[in-house]
Amino acid sequence: MENNVVFTNCVAEAIDRIAETIKPTKTFVVVDENTMSAALPVVSHDSATIKDAFVIMVKPGDENKNLESLSYIWQQLGDAGATRHSMLVNLGGGVVTDMGAFAAATFKRGIRFVNVPTTLLAAVDASVGGKTGINFNGLKNEIGAFKNADQVIVSSIFFNTLSATEMRSGYGEMLKHALIKGPDMLNDLMRQDVLEVGSERMLDLLKENVGVKQDIVFQDPTEKGLRKALNLGHTTGHAFESLALKRNSPIPHGYAVAYGLVVELILSVMQKGFPTETMRRIAGYIYENYRAFAITCNDYDELIGFMKHDKKNVDASEINFTLLHDVGVLALDSTASVKEIEAALDIYRDVMHLD
C-alpha cells in the first residue's frame, strides 16, 4: 500500500510506465465534462496509452456521484468489451476517482485501475487510501468498498485550471492532516496562501501531507483502529454536506470538513482539554478563508439525525467522533451526547459569527 502513490508532474510518462507493467488488453478512461476538456488533452498529447483509450464521460458534481452514473460506467465498460484484463484510468476530482474506482472494483469482480486526481481535494483525499463509493439515499458515500488502486499519480500540473474555491476545498483536507500530524505542519500550512503556492512547492507540500494519510492507511487499511483518525471533522462535515444537499445548495467537501473541524475542535475543548486558544485561532483562520456554513438552532435536530446515520457509528444510539487532546494528540472513538453536540453547535455559531 505504501508504494502505490507516485508524486510527479510527468503524468503521461507515469501512465505509460504503469501500462507497460500491467499490459492491459484495453484501457478505459473515466472523466467528467470538466476534465474531458481541461485535463484529458494534456495527458493524451504525450501518453500513447491514453491516446488509444476508450473514454467514458460522466456528469460533474457530487450530486452525480450516484447509482445512475455508476451504472452508466458499468454499461459503457461492458458495451465496449472490457474484460478482467482491462485497465481503468480515473482522471478527475473526487467524484471521478471515488466512483470510477468503485466501478473498477466491482466490474467483473474487479479490474485494474489507476487514479489520476486533477483537483487538490482529490489529490489529498479521495484518490488515496482505497475508499471507493457513491452517495445513496441522500447520504454521503453510503455504498462502497475498500479497494486500492494499482497506482495513484499525484501531480500539481492540473491545479492552474482550478478556482479559488476548489483550491481552498483541498486545503481543508490538508489542514485536517496537519491537525492529526502536529503543530509544525499545521503552522506551516496556516502561514501559506494556498492561492499563491507554486506548482513545485505544492508538490512538496503534497508529499508531506499525503504522507500522513499513507502512513495511517498502511497501518490500518480497513479502518479498524488508527485510520479513524482521518475522520476528524467528517462526522459533522458530512452532516453539513447532507443538509446543504437537502437545501439544493451543495457545498464543497473541503469546506464542509473545515466547518466540521471547528465543531469537533469545540467538542475536543469540552471533552478532552484541547486548548481553547488554539481552537479559536484555527476557527478564526477557517472563518477568514471559508466563511461559515449558516445554521440556526432550528437545524440541530436534522444535523444530529444525519450524524446518527454516519458509517463510523458502532451503536445507533451513539454518535462517534475523532477528537483531539491537542494538535497531533488523537482521541479516537469518542462519543458525544445530543446535549453536547447542541452546545458545540451553539459555540460554532458564536465563533463563526452567525449569531
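Find the relative contact order for the chain and round it to a whole percent, using C-alpha pairs within less than 8 Å whose residues are 6+ positions apart.
14
Using only the alpha-carbon atoms, how far is helix 253-272 inclined from the longest principal axis of the chain? Give it as 0 to 90 degrees, nearest 10. Tilt relative to the chain: about 40 degrees.
At the listed q of 0.09, 0.13 Å⁻¹, the Debye profile of the range 5-161, built from one uniform point per Cα, gives log10 I(q)/I(0) equal to -0.23, -0.49. Converting the Cα gyration tensor eigenvalues of the range 166-351 into ellipsoid dimensions via √(5λ) gives semi-axes, longest first, of 24, 19, 16 Å. In the chain, helices alone account for a calculated mean residue ellipticity at 222 nm of -15000 deg cm²/dmol, with every DSSP H run of four or more residues adding -39,500 (n - 2.57). Given the pairs Lys228/Lys339; Lys181/Lys228; Lys213/Lys246; Lys224/Lys272; Lys176/Lys228, which span a C-alpha to C-alpha distance of over 20 angstrom in this model? Beyond 20 Å: Lys228/Lys339; Lys213/Lys246; Lys224/Lys272. Projecting the alpha carbon convex hull of the range 146-234 along each direction and taking the average yields 6.4 nm². Projected over all directions and averaged, the alpha-carbon convex hull of the chain occupies 16.1 nm².
None of the figures in this text is laboratory data; all of them are computed from the coordinates on show. This one's a predicted model, so the numbers in the text were calculated from it and none came from an experiment.
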